[in-house]
Amino acid sequence: MPDTLTLSSEEQTRASALQEPALPGIAELDHLLHALQARAVDGISPAAVMNARLDWLVHIANSPTKQASMAQKAITDCMQLLTYAAQSLSDNETPPPAHIDRRDPRFRAEEWNVWPFNIVAQSFLLTQDWWHEAMTGVRGVTKQHERELQFMARQNLDRLAPANFPWSNPEVIAHTLQESGMNFVRGARNLVDEWQRRWTGKKPKGLEAYEVGRNVAVTPGKVIYRNRLIELIQYAPATDEVWREPLLIVPAWIMKYYVLDLSSGNSLVRYLVGRGHTVFLISWKNPGADDRDLGMDDYRRLGIMAALDAIGKVIPKRRIHACG
């Protein structure tokens, strides 16, 4: 008996028709759905999100100790907030129940320490702490799921921060009163302009002021190697004395190479060549639909290893310093 099944030409045609979409643009619906899902779950796989949430729900439902601990914390936080709200009415020096990190730009302004906005800020910070503790230390939940849940909780809470809304942000309210609402008029104009540019395919406003080679990526360099994934740019040293070992910089996949060569006064590349280093910089290709099957090994082989091989041909028998 033969090991393979041979299809007739008619059956092959029928099978291929089943594999192809009925409409030419039907595949775009999949891309649109996936893009909407990615926004809803912060770019994490919906299956991974559901697995993490189900893992947490099942285990916290079977942990009355954790439930009691979280209920007790909620009651304690509410009592502390009410006490602070009452005391801060007459004394602005009352210590808050939740610490405000001065490195957090959302609550850096002094207005957040004045009633009633101090209560708004403290309510958010206490809620943020409560959710962090709720997602942490639930017995049975895997560490991977715990990290995913903490990340998603931070993302969702950051969206709801009072600094993001004009009616709960004292800085926005102060500017609105000072300008008699003209800041909202300018914002509406900018929003309409952004929508128009997006629908017509124009670049964002102000981007035309930056041009690669003119005021961005101005350090002289040349492409010495390219493949389907990278271009390798070489920058010659600008000094008489040159370091023996060249330097290979591997930027992140999502970054353009010129992020390290923004301007003459803000350029790591110019700094290095000005001190006698021969610099090689990888420029990653923006992947498209044809690159959907590229994996980690492809980035290793076609990216870093290919760059090292190319450098070895230009400057043979030298050790290479790599960073990235």
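The values are calculated or read from the model by the stated rules, or taken from the named source; none is laboratory data. Since the model is a prediction, treat every value here as computed from it, not as a measurement. A quick note on method: Cβ atoms are made from the backbone with ideal geometry, for glycine too, and the neighbour counts reach across all protein chains shown.
Before moving on, here are some points about what is shown:
- Taking the range 223-274 as the range and being over 23 Å from Asp309 (Cβ atoms) and over 28 Å from the mean Cα position of the chain (by Cα) as the test, the residues that pass are Ala238, Thr239, Asp240, Glu241, Gly274.
- Residues in the range 33-75 that are more than 20 Å from the chain's Cα centre (by Cα) and not in a helix (DSSP H, G or I): 2 in all.
- Residues of the range 228-274 that turn out to be in contact (Cβ under 8 Å) with a residue 60 or more places away in the chain and surrounded by fewer than 16 Cβ atoms within 10 Å (Cβ to Cβ), as a count: 4
- Close Cβ contacts (under 8 Å, 6 or more residues apart or on different chains) running from residues in the range 55-67 that are without any contact (Cβ under 8 Å) to a residue 12 or more places away in the chain and over 14 Å from Leu149 (Cβ atoms) to residues that are surrounded by 13 or more Cβ atoms within 10 Å (Cβ to Cβ) and among the aliphatic types (A, V, I, L, M) comprise Gln67/Ile60.
- Matching option when the condition is more than 30 Å from Leu82 (Cβ to Cβ), surrounded by 14 or more Cβ atoms within 10 Å (Cβ to Cβ) and either out of contact with any strand residue (DSSP E or B) (no Cβ under 7 Å at 6 or more places or on another chain) or at pLDDT 90 or above (or both), among Glu146, Glu194: Glu146
- Being surrounded by fewer than 12 Cβ atoms within 10 Å (Cβ to Cβ) and in a loop (DSSP other than H, G, I, E, B) is a condition met by at least one residue of the range 76-90.
- Any hit, the range 126-138, residues being aliphatic (A, V, I, L, M), outside any helix (DSSP H, G or I) and in contact (Cβ under 8 Å) with a residue 12 or more places away in the chain: yes
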